[in-house]
1. Which residues, taken from the range 1-49, are without any contact (Cβ under 8 Å) to a residue 60 or more places away in the chain and part of a helix (DSSP H, G or I)?
2. Looking at (1) in a loop (DSSP other than H, G, I, E, B); (2) on the phi < 0 side of the Ramachandran plot; (3) without any contact (Cβ under 8 Å) to a residue 24 or more places away in the chain, can you tell me which one residue 67 breaks?
3. Residue by residue through the range 195-241, note down the ones that are over 20 Å from residue 15 (Cα atoms) and part of a loop (DSSP other than H, G, I, E, B).
4. Can residue 238 be described as out of contact with any strand residue (DSSP E or B) (no Cβ under 9 Å at 6 or more places or on another chain), modelled with pLDDT under 95 and on the phi < 0 side of the Ramachandran plot?
5. Going by the conditions given, is residue 58 on the phi < 0 side of the Ramachandran plot, in contact (Cβ under 8 Å) with a residue 12 or more places away in the chain and loosely packed, with under 14 Cβ neighbours inside 10 Å?
């Protein structure tokens, strides 16, 4: 499936990807591997924004399900995304990639606040910008944060790196006969509840005309292949094949 040439992308990674084979936390070797994928994409000439979830450390909705106040739990989850952002920043800079972390919750000792024009300038200077702490408010997921930053930064596409190679009509881990889509519409994702991203994130991408590309980030070199139109992935856009 051919892809248009992108100038600027937002890469959304789930926090669970950073765990590697562990059951919790951050695996430095896995983070280094993810950073190498980002560096390879950066060297192709792209401007790259990153958003990383926090589910490897704390997931707000899971805390709320166990009786915690939802807003308090979500703020804890936002802090987890800052930890992941700092881990990725360290890994990228060890590879010689200049980065800046911008957090929607202000914490000047470790990162910048989210300032769109400053982020634009970082991208123009060749830096990778890592957005942390979601949208800075509870009741919104990091998927929504990724869609918001993609729209705000006028990204050409939002790439969601997961543990599966695209969007299926049912859970491929439970249903061996699940069908993978090469291309699927935003409206089909929403109407069939296909679990690509949460509904508000998909709707924002639809309204901003930002394609969502879902692919397996765990496969080495897959990000570069997908960007070149060679890897296995699903494109979520305005129309289907």
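1. Looking only at the range 1-49, we keep the residues that are without any contact (Cβ under 8 Å) to a residue 60 or more places away in the chain, and these are 5, 19-25, 27, 29-30, 36, 39, 43, 45.
Across the range 1-49, the qualifying residues are 19, 29, 30, 36, 39.
2. Status for residue 67: all satisfied but (2).
3. 209, 210, 211, 228, 229, 230, 231, 232, 238, 239, 240, 241
4. No; evaluated as a whole, the condition is false for this residue.
5. Spelling it out, it is not the case that residue 58 is on the phi < 0 side of the Ramachandran plot, in contact (Cβ under 8 Å) with a residue 12 or more places away in the chain and loosely packed, with under 14 Cβ neighbours inside 10 Å.
The values are calculated or read from the model by the stated rules, or taken from the named source; none is laboratory data. Note that the structure is predicted; figures quoted are calculated from it, not measured. FYI the Cβ positions are ideal-geometry reconstructions off the backbone, even for glycines, and counts take in every protein chain you see.
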